[in-house]
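All remarks here apply to the structure that follows.
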Number of protein chains: 2
Amino acid sequence: MSDATLEVALGDRSYPIHIGASLIGRAALYAPHVRGRRAAVVTNTTVAPLYAEALEAALGAAGATCQRIVLPDGEARKDWQTLNLIFDALLQAQADRRTVLVALGGGVVGDMAGFAAATYQRGIAHLQVPTTLLAQVDSSVGGKTAINHPLGKNMIGAFYQPQLVVCDLATLQTLPPRELSAGLAEVIKYGPIHDMAFFDWIEANIDALVAREPAALAYAVKRSCEIKALVVGQDERETGLRAILNFGHTFGHAIESGLGYGEWLHGEAVGCGMVMAARLSQRLGGVDAAFVERLTRLIERAGLPIVGPALGADRYLELMRVDKKSEAGEIRFVVIDRPGSALVRSAPDALVREVLAQSCAAQ
Amino acid sequence: MSDATLEVALGDRSYPIHIGASLIGRAALYAPHVRGRRAAVVTNTTVAPLYAEALEAALGAAGATCQRIVLPDGEARKDWQTLNLIFDALLQAQADRRTVLVALGGGVVGDMAGFAAATYQRGIAHLQVPTTLLAQVDSSVGGKTAINHPLGKNMIGAFYQPQLVVCDLATLQTLPPRELSAGLAEVIKYGPIHDMAFFDWIEANIDALVAREPAALAYAVKRSCEIKALVVGQDERETGLRAILNFGHTFGHAIESGLGYGEWLHGEAVGCGMVMAARLSQRLGGVDAAFVERLTRLIERAGLPIVGPALGADRYLELMRVDKKSEAGEIRFVVIDRPGSALVRSAPDALVREVLAQSCAAQ
């Protein structure tokens, strides 16, 4: 596949997503956004040695003065303390309101840099340069930014769109295998909720994706971003439709915060959470056993866990009750009402407990 | 004066400001915003014993379920730690996205509750019930929310409009005298930057204002809110005009962070800062010595300090360089270009040093 450019259509906050091989170093992509400005590259200790120099060279060639802010790696550090490292660095450097934050890394870096941009001096511009599959197909697009709270994942944040997303497919070749699998969870997600033809394609190409064949990865990123951009363009602030993108996430977030952030990767928890959500969908009559089996098998082939940790059903329910979709203490789930279509609804606790009993390791 | 209702005109984010005596307990004002919802009253240890019960009774009568969140008092606590107390309380109570935050207190409470509303679960509704003169005439209107950072005042925040502002004039009768004077600084501000007829009126009525005559306070609050609403309606996100509302604030913020937040009240620092900004305006040719003298005398009669603390000119300049209006390390001041009109511009360091030498206590 040659390079592709998509657009997230949000009126005067619309922005492009560029997808292609070796885009990080392409100065022309950044120039309209950073020329004559200060750019602060927010990255982490893992990604910085791999890509920060190339990005800074491109930003410099595009006319920016660069500052680098290196955060500790991992979901366990997506908190106030780490966010404050960004503010401290910006203020020490006397970064003004025209400064552009550039997120270089995976979902954690992107979420934190985006939230820092949303709140530094009440809002500055930011660009997303995602270097993980998960960030390229999901978290870098759509303007959801957040940090975690000990009592709930992504509980503190803002809707704040970037001005540009640059998906350099070459970065996927350096991903640890667990990170690649975690990203595949979010790719697979788009099938059941929106596009069963894409699901068929993923099924046919899962081995090529796990083997990182460039053409397969390129198509997966492009099609995922197309669906994400479509949904976000229709419901930026998640008043309705956008919630379907959280398929598997209600169970998944409970796994993440129940085990302690970072124990499982976000995508791993979402993969396992989709198995649970599919089983719940089956009990609610939306899909049949064959569909659940097919989805479970695909998640497993992507290298993802399909058995949940033994937190106990009571703890799962307690954790899911603080989910952002909850209303008046009632948990609301994204369920598949027919293959390729999802909706948000509550479910009887008894059914949820059946699903957990079926899906979790023995305590 | 009978009750007045103004509007902040911001399209689908427009909202009313109700001004009158004893409005806190009027359930009908709140009902459209809280009926059938959870309301979290965010207040502080000083204000809670005075007004929290009356407000909660009204919210209850309006159909809300109430939760109270009591913060420590003072600008020194307008920080991450205190903000997190709000998030902790909301999450412990499993407050969902339909929860409405109600800020009951002065500028510090309003800024923090507003920022918490902007970021809790990526944004929930909030109402402002300001109980200080400063909050009624300035900070509760216009959607500026923020917390302080050790390196700069209001550096972390968001533009996030409330759905309602309720200014109960009766609360001004319980204000400590220093707080009343601090509020008068922001009232006086509106004269030089926008409305010299209002300035004349303040001059003629300053003794009545200091004596808290209800009719005088009512007019001062109403006219101040009118001007604030007009400016915010034209430039919500401070891309231009709105910056004139920061007259006296560049010097003032330096005083506040230089002395340590809370040593001087915000309004006290702004009062003294306006004397400095007026002297700078004179040196830049915008106003004459008689105008500066007139403004200085009015600020003094309002019970505000007119001599700055002896931080040293170098420290003042260093502190002002991290002001949000700065660009590329150049400090930008709000100056009066003719009585009743202001603009934002830079000024030679030498002139600023002259002003500081003239305006500060001997070191």
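The values are calculated or read from the model by the stated rules, or taken from the named source; none is laboratory data. Note that the structure is a prediction, hence the values are computed from the model and not measured. Quick reminder, even Gly has a Cβ in these numbers, built from the backbone with ideal geometry, and neighbours come from all protein chains shown.
Details
- Once the range A:2-16 is narrowed to residues that are touching a strand residue (DSSP E or B) at 6+ places or on another chain (Cβ under 8 Å) and in contact (Cβ under 8 Å) with a residue 24 or more places away in the chain, the residue that is farthest from A:Ala117 (Cα to Cα) is A:Ala4.
- Among the residues making up the range A:260-274, those that are surrounded by fewer than 24 Cβ atoms within 10 Å (Cβ to Cβ) and either touching a Cys at 6+ places or on another chain (Cβ under 7 Å) or more than 14 Å from A:Tyr316 (Cα to Cα) (or both) are A:Tyr261, A:Gly262, A:Glu263, A:Glu268.
- Test: residue in the range A:245-256 that is among the acidic types (Asp, Glu) and more than 16 Å from the chain's Cα centre (by Cα): no
- Search result, residues across the range A:310-335 that are within 13 Å of B:Arg98 (Cα to Cα) and without any contact (Cβ under 8 Å) to a residue 40 or more places away in the chain: A:Ser326, A:Glu327, A:Ala328, A:Gly329, A:Glu330
- When the range B:275-300 is filtered for residues that are surrounded by fewer than 18 Cβ atoms within 10 Å (Cβ to Cβ) and touching a strand residue (DSSP E or B) at 6+ places or on another chain (Cβ under 7 Å), only B:Leu284 remains.
- Sole residue being in contact with a helix residue (DSSP H, G or I) (Cβ under 6 Å, 6 or more places away or on another chain) and within 20 Å of B:Pro150 (Cα to Cα), chosen from A:Ala116, A:Ala89: A:Ala116
- Residue that is nearest to the chain's Cα centre (by Cα) [pool: residues in the range A:17-34 that are surrounded by fewer than 16 Cβ atoms within 10 Å (Cβ to Cβ) and either in contact (Cβ under 8 Å) with a residue 40 or more places away in the chain or under 14 Å from A:Pro162 (Cα atoms) (or both)]: A:Ser22
- Flag for B:Leu29 being in a loop (DSSP other than H, G, I, E, B) and either touching a Pro at 6+ places or on another chain (Cβ under 7 Å) or not small (Gly, Ala, Ser) (or both): no
- Screening the candidates B:Arg242, B:Arg212, B:Arg223, B:Arg237 for the property of being assigned by TED's automatic domain parsing to the domain that holds B:Asp323 and on the phi > 0 side of the Ramachandran plot yields one hit, B:Arg212.
- Strands (runs of 3 or more DSSP E) wholly inside the range B:35-150 that include at least 1 residues being away from chain A (no Cβ under 14 Å) and under 20 Å from the mean Cα position of the chain (by Cα): B:38-44, B:65-71, B:100-105, B:125-130
- Unique residue being buried (at least 20 other Cβ atoms within 10 Å of the Cβ), more than 14 Å from A:Arg301 (Cβ to Cβ), within 14 Å of chain B (Cβ to nearest Cβ) and modelled with pLDDT of 95 or more when the list is A:Ala158, A:Ala182: A:Ala158
Results for (1) closer than 16 Å to A:Ala185 by Cα; (2) among the aliphatic types (A, V, I, L, M), shown as yes or no for each residue.
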site: A:Gly248; (1), (2): yes, no
site: A:Arg279; (1), (2): no, no
site: A:Gly286; (1), (2): no, no
site: A:Ile299; (1), (2): yes, yes
site: A:Gly312; (1), (2): no, no
site: A:Tyr316; (1), (2): no, no
site: A:Arg321; (1), (2): no, no
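- Neighbours by Cβ (under 6 Å, 6+ apart or cross-chain): first from the range B:349-363, closer than 13 Å to B:Ala310 by Cα and small (Gly, Ala, Ser); second loosely packed, with under 15 Cβ neighbours inside 10 Å and at pLDDT 95 or above: B:Ala361/B:Val307; B:Ala361/B:Ala310
- Qualifying residue in the range A:224-247 (condition: within 14 Å of chain B (Cβ to nearest Cβ), over 26 Å from A:Val129 (Cβ atoms) and hydrophobic (A, V, I, L, M, F, W, C)): yes
- Any chance B:Pro348 is loosely packed, with under 14 Cβ neighbours inside 10 Å, within 29 Å of B:Val231 (Cα to Cα), more than 20 Å from the chain's Cα centre (by Cα) and more than 14 Å from chain A (Cβ to nearest Cβ): yes
- Every residue from the range B:296-335 that is more than 20 Å from the chain's Cα centre (by Cα), part of a helix (DSSP H, G or I) and more than 14 Å from chain A (Cβ to nearest Cβ): B:Thr296, B:Arg297, B:Arg301, B:Ala313, B:Asp314, B:Arg315, B:Tyr316
- Restricting attention to the range B:213-225, the residues being touching a residue at least 24 places away in the same chain (Cβ under 8 Å) and either buried (at least 16 other Cβ atoms within 10 Å of the Cβ) or among the polar types (S, T, N, Q) (or both) number 9.
- All of B:Ala135, B:Ala54, B:Ala62 fail the test of being small (Gly, Ala, Ser) and either closer than 25 Å to A:Leu151 by Cβ or surrounded by fewer than 20 Cβ atoms within 10 Å (Cβ to Cβ) (or both), apart from B:Ala54.
- Residue in the range A:237-256 that is under 22 Å from A:Ser2 (Cβ atoms) and of a type in the set (Asp, Glu) present: no
- Inspection of the range B:37-51 finds a residue satisfying the criterion of being at pLDDT 95 or above, under 26 Å from B:Pro176 (Cβ atoms) and touching a Cys at 6+ places or on another chain (Cβ under 7 Å).
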